[in-house]
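Got a structure for you, questions after.
The values are calculated or read from the model by the stated rules, or taken from the named source; none is laboratory data. From a predicted model like this one, the values you see are computed outputs, not experimental measurements. With ideal geometry, Cβ positions are generated from the backbone for all residues, glycine too; neighbour counts draw on all protein chains shown. Note: accessible area is taken over every heavy atom of the protein model, side chains too, but ligands, DNA and RNA are not part of it. Shrake-Rupley method; radii C 1.70, N 1.55, O 1.52, S 1.80 Å.
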Amino acid sequence: MTNNDIVQKLWNLCDVLRDDGINYSDYVTELVLLLFIKMVHENTEAGTLKKHPLPEGCRWSDLSKQDGQNLLETYKRVLLALSTGKDGHGNQIHDDPLITAIYSDAQTRLREPRHLRQMVATLDQIDWFSAQKDGLGDLYEGLLEKNANETKSGAGQYFTPRALINTMVRCLKPQPGERIQDPAAGTAGFLIAAHEYIKGQTDDLYDLTTEQKAFQTTKAYVGIELVPGTRRLALMNCLLHGMEGDAEGVVHLGNALGQTGAGLEKADVILANPPFGTSKGGDASITRDDLTYKTSNKQLAFLQHIYRNLKPGGRAAVVLPDNVLFEAGVGTDVRRDLMNKCNLHTVLRLPTGIFYAQGVKTNVLFFTKGSASDKHQEENCTENVWVYDLRTNMPSFGKRTPFGDPHLKPFEAVYGESPNGDSERKEGEYSFHSEDIELPEHSDENEGIDPRLAHSRWRSFSRQWIAEHKGDSLDISWLKDSDSVDAANLPEPSVLAGEAMGELVQALGELDALMRELGAEEEADGARVLLGEVMGGVK
């Protein structure tokens, strides 16, 4: 049984829990609270869990032997004990701050003991030997990804595609001994990917000294997450991957745009996909008084935090929406400040449809604090910005056409080996090789260049050109979408409106016929009368 099989088996339990009034998001919370207890049990049995054991009375064996109402009541007591560190009589049973943080305010919404019994039985039926071989952390991440794919979480709760995370990590090449941060950690995907990359480069950390291993386990990674439930998932995720963090865990609860973010140490590497949107007060408000440019745009505030919080020579890769690239006013000020203090060497224009708000267009900005020649330089650090267009003339990504490693490998190839983006680069290394692709007319980007470069996805633009031709906007595009329609060749608006009206009338006629076939003549007549009134009012 593969991890994918196990994830699907666990996910299928959700259909059972709907009878208890539990939706997908609540289900994941219910499942992981129970699943973590089971995973700690399996890790303990396999001898891989050296720290953070669960106290007696709160272990899997204390649950699996119960049934009926006793099982549900025992489970409620276990959650309370793990959350508070005390049993029902007020006796201290554990003082592990990480376990307390993971189970903080944990409660079950299950009402039917049979549903909990079914969850316990299903977890006991899983081939945990196979799961251990692939890694319990990877199994847990698969469940988080399944949740993101199925529930299409709301604004700000974007799940970064795993392939994109891995590409960003491989480009920045985090090293042992570096401090790695994510100020918008979510479920800690970036931090875990960085940890796994370092393990892969150092033979699973065996090459490190005892002191270096301790640093990697407890100090190397720090994330901030605003939402308590999401932070819970992140802490479990990190612990299952062998990342403990400090007394608060790897991911701290707080607001990176508030005092929690202001108190962070300087970082060697920052990887992030900040939440989209604007600050509207409450816990997510921007309360920092140390950011130079005041704004309600959270992405602009996060971007300021990130490049300010890098050490000299520190590097970052950040996912940001298009508006950050072209927004005027404060947006222009922030971009100028970024290019002044950092070497913004690479912009990756991402395809649409890979995040869950389908209309959102995003990019990855790669930059290093200081210039290419002097990491302590603080002015005029950006000389050239390389742009890779992975958006134009790309397929429509979704479940049928998943976005993955094959789409990103050409970008990694031209990015080069240097994590600072200063490898030798050559324009046009990745091109369409097609003379059939049209180019936009009157394009500054294509003025006076070799036509072959105009068909390339990979171009370089000088800092001076960006200032003079784009007014410091980074919304740079030079390719024309083969599916786009030239507005100059469109019919007159009245003709387009007439065509749309004709299609609408035809569709309404088909609906009218269908309603009558279904025996809804009265409703059809009423709809026809209403339509007549509406059409009569159209001049």
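Just give me the residues in the range 360-380 being basic (Lys, Arg) and touching a helix residue (DSSP H, G or I) at 6+ places or on another chain (Cβ under 9 Å), in sequence order.
Lys361, Lys369
Additional query: Which pairs have Cβ atoms under 6 Å, sit 6 or more apart or on different chains, and link a residue in the range 182-210 that is free of Cβ contacts under 8 Å to residues at least 24 places away in the same chain to one that is of a type in the set (A, V, I, L, M) and assigned to a loop (DSSP other than H, G, I, E, B)?
Lys199/Leu205
Counting only residues that are touching a residue at least 40 places away in the same chain (Cβ under 8 Å) and not in a helix (DSSP H, G or I), which one in the range 26-75 is least open to solvent (accessible area, probe 1.4 Å)?
Among those that are touching a residue at least 40 places away in the same chain (Cβ under 8 Å) and not in a helix (DSSP H, G or I), it is Leu54.
Can you tell me how many residues in the range 84-100 are open to solvent by 20 Å² or more (accessible area, probe 1.4 Å) and either on the phi > 0 side of the Ramachandran plot or assigned to a helix (DSSP H, G or I) (or both)?
4
If you don't mind, another one. Among residues belonging to the range 410-425 that are farther than 15 Å from Ala316 by Cα and touching a residue at least 12 places away in the same chain (Cβ under 8 Å), point out the one that is most open to solvent (accessible area, probe 1.4 Å).
Ala413
Got a number for residues in the range 101-132 being open to solvent by 20 Å² or more (accessible area, probe 1.4 Å) and among the β-branched types (Val, Ile, Thr)?
Matching residues across the range 101-132 total 1.
Next question, about the same structure. Does the range 163-174 hold any residues that are of a type in the set (S, T, N, Q) and either open to solvent by 20 Å² or more (accessible area, probe 1.4 Å) or free of Cβ contacts under 8 Å to residues at least 24 places away in the same chain (or both), and which are they?
Asn166
Of the residues Leu17, Leu72, which single one is more than 30 Å from the chain's Cα centre (by Cα), over 24 Å from His252 (Cβ atoms) and aliphatic (A, V, I, L, M)?
Leu72
Given the options Thr160, Thr187, name the one that is closer than 16 Å to Gly249 by Cβ, open to solvent by 10 Å² or more (accessible area, probe 1.4 Å) and either at pLDDT 90 or above or assigned to a loop (DSSP other than H, G, I, E, B) (or both).
Within the list Thr160, Thr187, the selection yields Thr187.
Residues are listed down the side, and each one gets a yes or a no for (1) touching a strand residue (DSSP E or B) at 6+ places or on another chain (Cβ under 6 Å); (2) part of a loop (DSSP other than H, G, I, E, B); (3) open to solvent by less than 50 Å² (accessible area, probe 1.4 Å):
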residue	(1), (2), (3)
Ala193	no, no, yes
Ile198	no, no, yes
Leu208	no, yes, yes
Leu235	yes, no, yes
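Every residue, every condition in (1) open to solvent by less than 10 Å² (accessible area, probe 1.4 Å); (2) modelled with pLDDT of 90 or more; (3) farther than 21 Å from Leu350 by Cβ; (4) of a type in the set (Val, Ile, Thr), yes or no:
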site	(1), (2), (3), (4)
Pro176	no, yes, yes, no
Asp182	yes, yes, no, no
Leu226	no, yes, yes, no
Ala247	no, no, yes, no
Val251	yes, yes, yes, yes
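In this structure, is Arg308 more than 18 Å from Pro174 (Cα to Cα) and open to solvent by less than 10 Å² (accessible area, probe 1.4 Å)?
no
Just one of Glu378, Glu327, Glu412, Glu429 is over 25 Å from Pro183 (Cα atoms) and not aliphatic (A, V, I, L, M); which is it?
Only one candidate passes the filter, namely Glu429.
Another one. Take the range 322-357 and flag every residue that is open to solvent by less than 10 Å² (accessible area, probe 1.4 Å) and not β-branched (Val, Ile, Thr).
Leu325, Gly331, Arg335, Leu338, Met339, Cys342, Leu344, His345, Leu348, Leu350, Pro351, Phe355
Here's a follow-up. Looking at this structure, is Asp87 at pLDDT 75 or above, among the acidic types (Asp, Glu) and farther than 29 Å from Asn3 by Cβ?
For Asp87, the condition - at pLDDT 75 or above, among the acidic types (Asp, Glu) and farther than 29 Å from Asn3 by Cβ - is met.
Hey, among Ala155, Ala148, which residue is open to solvent by 70 Å² or more (accessible area, probe 1.4 Å), at pLDDT below 75, within 16 Å of Gly186 (Cα to Cα) and among the aliphatic types (A, V, I, L, M)?
Matching residue, one of Ala155, Ala148: Ala155.
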